[in-house]
Amino acid sequence: MKLLLTGNEAAAEAAIQAGCRYYYGYPITPQNELINYMSVRMPEVGGTFIQAESEIAAINMVYGSAAAGARTMTSSSSPGISLKQEGMSYLAGSELPCVIVNIQRGGPGLGDISASQADYFQAVKGGGHGDYHTIVLAPSSAQEMANLVYDAFDLADKYRNPVLILGDAQIGQLMEPVEFNKKPKKNLPVKNWALTGAEGRERRIIKSFYPVKGQLEEFNAHLQRKYKLIEEHEVRYEAINIHEADIVLVAYGTSARICKEVVKKSLRFNFKVGMIRPITLWPFPKEITRKLSESVQCILTVEMSAGQMVEDVRLAVEGRCPVHFYGRTGGGVPTSSEIIRKIVEILPDNSEVNTLLQLVEAK
Amino acid sequence: MQTIYEKPKTLIDTSTHFCPGCGHGIVLRLIAEIIDAWGIRGKTIGLAPVGCAVLAYNYLDIDMCEAAHGRPPAVATGIKRVHPDNIVFAYQGDGDLAAIGTAEIIHAANRGENITFIFVNNAVYGMTNGQMAPTTLPGQRTATTPAGRDSANYGYPIRICELLAVLDGTSYIERVSLSSPENIRKTKKALEKGFTTQLEKKGFSLIEILSPCPIYWRMDANESMKYIDEDMTRIFPLGVVKDWTQKN
Ligand SMILES: Cc1ncc(C[n+]2csc(CCOP(=O)(O)OP(=O)(O)O)c2C)c(N)n1
Ligand code: SF4
Ligand SMILES: [Mg+2]
């Protein structure tokens, strides 16, 4: 059965379906549909909903419930996610599984409440202190939001690691038909580290403090081995028309939706436009990006930021082909015409600029 | 031969990292004694703070969780909501609970979380080398108030018990001290009452313990005890501040 839901509501319902019974949040636009939905649904399924006193408290409640062995989630938008960074570093440092949803809005500071992708660095490079990674998933529709939130709980449990869902105001607030058809995953590791009271067994400790010299370095080495495994096994992306493409667009979330339109329109052009849509932002789809850099004339990264993901694209490409960037900031959303203009501008053979632009502007 | 005094089983046999004359070890021992006597090792979950007591789990043989500086009330909330029938206590210093974690403790109290808070007030930041705490007495010399705490500039000691007692969500609040064997016995009684409050599902309990930090008070152990009795208790009066068993 399909339901008409906002991305925010889809995220909330998917969490419930995935067995999350502990949700802690703090209101902030544009993720309010999520916390509101949880306040109704959690009591219905016998779960816990707390409107915390701050995002700091909410993420630490998540820390507690995760330590106690439960599936747990929090959600917010950019300014609130900044407040959660301390907690996220502790969650990563204590290897606690949980899901955090960021419905990005414009920044810096209070910014505005419209869609943005300016929290990419914060999301994939750590955000908080210390050498750690969260797994970062980027949905580009309400349906994909539901699917990825569901998968996020499995990934979190599989790797004992926080998973971040990086959406934006459009993905969060757009209403689309959504189906919940994911099945529980088998063979997830038993939580033989969770705090339950030490009845009949040795006590357990959840911590990230390693005061004895050498122990912290050892623990970091363990984390890095885990991150390497994640990089080897969990990369996800969508590839469209990349075979024999002259130019490949790289975009995620809302930008990717617009780039898909560009790819469609480009079928009438005399050169081929392909596209890579990273679904995991960390681990980043490095391998496919590197491969493409050997066959295409150039790559164009499109973001609703001043240029953040483009750095990861360039790292993967390592100078094998030009990597260009088109971005809008502060709540601006790129249009397909803007992107096509940019393509025409950067393609080495742009003798047909005017014809192309006429084609585009005629729609 | 009859044993009349021994180490509680729940207290792990190891050397201590606390300074000579420190109060933290006494409090941890009292907790271990209660856990042994009540047979609740298997259902108790403790929260360690960031502060000198961060290594509480080196001493208590129970399931334990660290929390970021000031966040034990939120983390404890997350644990207790998952395991409502376990006994959950949070152990916090004055910097942890009354400065950086003020919001978390006030709102845990206001929600009436059925958790026991053990608040060790030594009027300084022990772990970071003795800076001013929110509970530092007027005139008290610390690393960051070398001329003594000047209230005109640095404000006044915060009385957490009295502050939280006005919230409808709180059930049992008492201030005790470690300044004498008699006061230590009273502290144990207060801790027991805190755990009873939780076991009977009566909600939020907090025991504030005036505790010596001879190192950063620049005193010996005896002077520290005197300082608690003569100076600290003048600002932080001992006694029950709120008690659900006394309500009509
Ligand atoms: C976010 C953060 N800020 C500061 C510190 C440094 N720090 C560690 S313990 C502490 C104060 C501890 O004082 P208190 O809570 O009174 O505990 P005590 O050591 O006196 O028992 C501070 C400021 C930290 N670990 N984390
Ligand atoms: S610094 Fe003070 S509180 Fe910390 S261990 Fe030493 S005496 Fe105890
Ligand atoms: Mg202190």
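Read the figures in this text as sums done on the coordinates, not as results from a lab. None of these values were measured; they are calculated from a predicted model. Using ideal geometry, Cβ is built from the backbone for each residue, glycine included, and neighbour counts are taken over all protein chains shown.
The numbered conditions (1) more than 7 Å from every other protein chain (Cβ to nearest Cβ); (2) within 13 Å of ligand 3 (Cβ to nearest atom) are all true for B:Val54 except (1). Scanning segment A:78-107 for residues that are buried (at least 23 other Cβ atoms within 10 Å of the Cβ) and of a type in the set (D, E, K, R) gives A:Lys84, A:Arg105.
On the basis of being under 24 Å from B:Thr170 (Cα atoms) and out of contact with any Phe, Trp or Tyr (no Cβ under 8 Å at 6 or more places or on another chain), does B:Gly78 make the cut? So B:Gly78 fails the test. Residues being facing chain A (nearest Cβ under 8 Å) and within 16 Å of ligand 2 (Cβ to nearest atom) are represented in segment B:26-48 by at least one member. When we screen A:Leu148, A:Leu229 for residues that are out of contact with any Asp or Glu (no Cβ under 7 Å at 6 or more places or on another chain), away from chain B (no Cβ under 14 Å), closer than 25 Å to A:Ser78 by Cβ and not polar (S, T, N, Q), the only hit is A:Leu148. Residue count for segment A:203-260 satisfying the condition of being loosely packed, with under 15 Cβ neighbours inside 10 Å and not basic (Lys, Arg): 16.
Checking each residue in segment B:100-127 for being near ligand 1 (Cβ under 9 Å from one of its atoms) and away from every other protein chain (no Cβ under 14 Å) picks out B:Val120, B:Asn121, B:Asn122, B:Ala123, B:Val124, B:Tyr125, B:Gly126.
Among the residues of segment B:87-94, is there at least one that is in contact with a Ser or Thr (Cβ under 8 Å, 6 or more places away or on another chain), under 21 Å from B:Ala133 (Cα atoms) and not aromatic (Phe, Trp, Tyr)? Yes, segment B:87-94 contains a residue that is in contact with a Ser or Thr (Cβ under 8 Å, 6 or more places away or on another chain), under 21 Å from B:Ala133 (Cα atoms) and not aromatic (Phe, Trp, Tyr).
Let's see how each residue does on (1) out of contact with any Pro (no Cβ under 7 Å at 6 or more places or on another chain); (2) within 16 Å of ligand 2 (Cβ to nearest atom):
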position: B:His83; (1), (2): yes, no
position: B:Ala99; (1), (2): no, yes
position: B:Ile105; (1), (2): no, no
position: B:Asn110; (1), (2): yes, no
position: B:Val120; (1), (2): yes, yes
position: B:Gly130; (1), (2): yes, yes
position: B:Thr136; (1), (2): no, yes
position: B:Ala147; (1), (2): yes, no
position: B:Ser171; (1), (2): yes, no
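Considering only residues that are out of contact with any His (no Cβ under 9 Å at 6 or more places or on another chain) and assigned to a helix (DSSP H, G or I), look in segment B:43-76 and name the one that is nearest to ligand 1 (Cβ to nearest atom). That would be B:Val54. The set of residues in segment A:22-68 that are under 21 Å from A:Leu3 (Cβ atoms) and more than 22 Å from the chain's Cα centre (by Cα) comprises A:Ser39, A:Val40, A:Arg41, A:Met42, A:Pro43, A:Glu44, A:Val45, A:Gly47, A:Phe49.
Scan segment A:193-248 for residues that are over 22 Å from B:Ala68 (Cβ atoms) and hydrophobic (A, V, I, L, M, F, W, C) and jot them down. If the condition is that a residue be over 22 Å from B:Ala68 (Cβ atoms) and hydrophobic (A, V, I, L, M, F, W, C), then A:Ala198, A:Ala221, A:Leu229, A:Ile230, A:Val235, A:Ala239, A:Ile240, A:Ile242, A:Ala245, A:Ile247, A:Val248 are the ones that fit. Quick one: in segment A:9-59, which of the residues that are buried (at least 22 other Cβ atoms within 10 Å of the Cβ), under 24 Å from A:Met175 (Cα atoms) and among the small types (Gly, Ala, Ser) is nearest to the other protein chains (Cβ to nearest Cβ)? By that ranking, first place goes to A:Gly25.
I'd like the full set of residues that are touching a residue at least 40 places away in the same chain (Cβ under 8 Å) and not polar (S, T, N, Q), limited to segment B:115-132. Within segment B:115-132, B:Ile115, B:Phe117, B:Ile118, B:Phe119, B:Val120, B:Ala123, B:Val124, B:Tyr125, B:Gly126, B:Met127, B:Gly130 qualify. Scanning segment B:188-218 for residues being over 22 Å from B:Glu113 (Cβ atoms) and away from ligand 2 (no atom under 16 Å from the Cβ) gives a total of 2. Going through B:Leu47, B:Leu60 one at a time, which residue ends up being under 19 Å from B:Leu178 (Cβ atoms), touching a helix residue (DSSP H, G or I) at 6+ places or on another chain (Cβ under 9 Å) and in contact (Cβ under 8 Å) with a residue 24 or more places away in the chain? Criteria check complete, one pass: B:Leu60.
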